[in-house]
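The values are calculated or read from the model by the stated rules, or taken from the named source; none is laboratory data. Just so it is clear, the model here is predicted, and its values are computed rather than measured. Here the Cβ positions follow ideal geometry from the backbone for every residue, glycine too, while neighbour counts run over all protein chains shown. The area values use the complete protein model at the heavy-atom level, side chains included, leaving out ligands, DNA and RNA. Shrake-Rupley method; radii C 1.70, N 1.55, O 1.52, S 1.80 Å.
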Amino acid sequence: QNRPWVAWDESGINWGKDQGFLIPTSLGFPLHKERTVRVVRWDGSQWVEPQKRPGEVWPAGFRENSEHPQIAFDGKGMLHVLFRRWTRRNARAIGSPQVWENYLALFDGSSWSTPRPLIHSGGSIEKHPRMTRDPRGELWAAWMTDERPFATMVPQNAEVYVSRLGA
């Protein structure tokens, strides 16, 4: 309908406090704690959210550490949301090994799909994926990984992946 859509991630009050894992949640939220994706569209007079927010329908684990969403419509009008998620397995502690992975979810105008990981997208915090649409209306994504094993967190070979994003 030629109306803009906007996506962002948000959290609770006083988000991102240093040493936040030591602060009671009522006073502030630790870095990357309860980061969830929000999406709105402009209807000509106001910003409108879908009936259900992604964080309300995605599995509970996606209400935490889902960040940096990107959105794009394919040629058929399907909204694709590409975001990264912190998937480390160790308890929260300074210096704890962590891995970020990229996920894709779709919105058909009324419901959200369950986010799916992009293959071989694990890496450090600064690796952001990108999307673009080709002249046929197909969406493509590119992302990198450094193939770091979780046990050592030592980066291995840097690789770049590119894929067409289908329904």
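For the chain, the solvent-accessible area with a 1.4 angstrom probe is 58 square angstrom per residue.
Of the solvent-accessible surface of the chain, computed with a 1.4 Å probe over protein heavy atoms with every protein chain present, carbon and sulfur atoms account for 51 percent.
The GluC sites (Glu not before Pro) of region 124-163 that meet both conditions, a loop assignment by DSSP and at most 11 other Cβ atoms within 10 Å of the site Cβ, are GLU126. Altogether, the Stokes-Einstein calculation at 10 °C and 1.306 mPa s, with the Kirkwood radius of the chain over Cα pairs as Rh, returns a diffusion coefficient of 93 µm²/s.
The residues neighbouring PRO155, those whose beta-carbon lies less than 10 Å from its own, together hold a net charge of -1 under the Lys/Arg +1, Asp/Glu -1 convention. Shown is the FRET efficiency for THR114 and ARG136, computed with R0 = 22 Å from the Cβ-Cβ distance and rounded to the nearest 0.05: 0.25. Only helical runs count toward this figure. For the chain, summing -39,500 (n - 2.57) over DSSP H runs of n ≥ 4 and dividing by all residues gives -500 deg cm²/dmol at 222 nm. The order of THR132, THR145, THR36 by accessible area, most exposed first and with a 1.4 Å probe, is THR132, THR36, THR145.
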